[in-house]
Amino acid sequence: MNGINGYSLLNPQMNTPTLKIVPFDSYKGIPQLEVFRFYILILIKAGSGIIELDMHQHEFEGPSLILIPVYQPFRMIAGEKIEGCFLQFQADFFWNHKFLSEMQSKAALFSDSLNTPILNLETLELDELLSLLHRAVTEIQIDHVGHYEMTVSWIQIFMISAARIRVSRQHKPLFLSSEESLLARSLMDAIENHFIKLHGPTEYASLLNVTVKKLNRVAKQFTGKTISGLIMSRIMAEAKRKLYLSEKPVKEIAHEIGFQDEAYFSRVFKTQEGVTAQAFRGNFKGLKSYAA
């Protein structure tokens, strides 16, 4: 499906959009995007501006790639002359942790240990990423057999290519041993399934039948964060999602994500995010990307 809102790929089972690629420029305006449930990448070909995440502002200038993790509200303030495209896809589009390359590219691009969402690109790197997106868009527009799988494959290559660029900037290896990758994958799955009820590293170590020391080492090597950090990141992502999407009282949201004491939840939220839950809700309620 294509048109003024870009190019969308429908999930063949659900018949719902799972991927969207949206070109933009200053003259046509910056499109509105759904923020939650989607990873968003903004490929800037030319121009500059500011991206705001969780009250922090980051300046960008093309060519660059801006990386917005799932459940993350953001504000884009673009300059007068800007050109690029949005890549938006659901969390389960292809990162289902079945393959090591999926986990590695995801960690390299969206690890919370990285202090900036902006990846500056060389001209040849930009050309490579644009070429891969062009191939994906071409597949979206045709009705040949296997076009969904081909599109997913081109986006996988795009993400792995972007991850390689980012890793080359960090000067550290991306790959883990097969045993470590399996353990890291199991930990990520366990946190996703149990983060509301299980909040301690020892609980996950017991669940996965390993020592806390070993599990922490693998977590740190793979994500740059400890087990506790990964758990807290997932809890905060869920808290922000509920604050953003609902009108439920903070006390009710706290209970839903495993906090029986609203005051304790409020202290934790402010420590992690730098603002109170109410302030976060007030600042980001109804916020989507925009040009100014």
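What follows is calculated from the coordinates using simple rules that are stated; it is not laboratory data. No experiment lies behind these values; they were computed from the predicted model shown. Every residue, glycine as well, gets a Cβ built from its backbone with ideal geometry; the counts of neighbours run over all protein chains shown.
Structure data summary
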| read-out | value |
| --- | --- |
| Inter-label distance, nm, simple model (7 Å from Cα along the C-beta direction), L10/R169 | 3.7 nm |
| Cross-link table K240/K270; K242/K270; K220/K270; K106/K197; K106/K220; K20/K242, entries beyond 22 Å C-alpha to C-alpha | K220/K270; K106/K197; K20/K242 |
| Order of S206, S64, S105, S8 - criterion: other Cβ atoms within 10 Å of each residue's Cβ, fewest first | S206, S8, S64, S105 |
| Cβ-Cβ FRET estimate between E192 and T116, R0 fixed at 35 Å, reported to 0.05 | 0.85 |
| Fewest-first sequence of D25, D261, D143 by Cβ atoms within 10 Å of each Cβ | D143, D261, D25 |
| Estimated inter-spin distance, S161 and Q141, nm [label 7 Å along Cα→Cβ] | 1.8 nm |
| Highest to lowest packing among 228-235, 116-123, 75-82, scored as the average C-beta count within 10 Å | 228-235, 75-82, 116-123 |
| Spin-label pair E262/L130, simplified geometry with 7 Å Cα→Cβ offset, distance in nm | 5.3 nm |
